[in-house]
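Bear in mind these aren't lab numbers, they're just calculated from the coordinates by the rules spelled out. The shown structure was predicted, so the numbers you read here are calculated from the model rather than taken from an experiment. So basically every Cβ, Gly included, is an ideal-geometry build from the backbone, and we count neighbours across all protein chains shown.
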Amino acid sequence: MNQFKNHKVDTLGRTVLNKELCLALGLKSGETNVSLTAVGSLVIMQRTNSGGCSIDQLGRVIIPKEIRQKFNWSDGSELEVYQTDSTVIFKTA
């Protein structure tokens, strides 16, 4: 499992996925749909064929409001980001 540091939530509830992470998972800006699901103290992001949200051209993904509220994430909240074979895991830093 790889860890990526220095991820924060911005004022619009987005976080930026760095290029290395996107390449490792085959995530393409504007073309890849992802779903985010709260599981215990973690948020799991996985590719999905339809629905969910997309990664914009700058590698940003919007974390749904319900998840941000559950974890009390707001502008400037720091996240730990981990990458497994096919998922991204977010947790409070």
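Examine the stretch 53-67 for a residue that is on the phi < 0 side of the Ramachandran plot, charged (D, E, K, R) and under 10 Å from the mean Cα position of the chain (by Cα), and state whether such a residue exists. Can you show your working first?
In the first step, residues of the stretch 53-67 are kept if they are on the phi < 0 side of the Ramachandran plot; the result is 53-58, 60-67.
Checking the rest, the ones that are also charged (D, E, K, R) come to 56, 60, 65-66.
Still in the list and also under 10 Å from the mean Cα position of the chain (by Cα): 60.
Yes, some residue in the stretch 53-67 is on the phi < 0 side of the Ramachandran plot, charged (D, E, K, R) and under 10 Å from the mean Cα position of the chain (by Cα).
Give me a count of the residues in the stretch 1-40 that are polar (S, T, N, Q) and over 13 Å from Ile89 (Cα atoms).
Selection size over the stretch 1-40: 6.
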Out of (1) surrounded by 14 or more Cβ atoms within 10 Å (Cβ to Cβ); (2) of a type in the set (D, E, K, R); (3) closer than 17 Å to Leu12 by Cβ, the one Asp75 does not meet is (1)
Restricting attention to the stretch 10-36, the residues that are β-branched (Val, Ile, Thr) and more than 10 Å from the chain's Cα centre (by Cα) number exactly 2
The correct count of residues that are surrounded by 15 or more Cβ atoms within 10 Å (Cβ to Cβ), among the aliphatic types (A, V, I, L, M) and either closer than 21 Å to Trp73 by Cβ or free of Cβ contacts under 8 Å to residues at least 12 places away in the same chain (or both) in the stretch 8-26 is 4
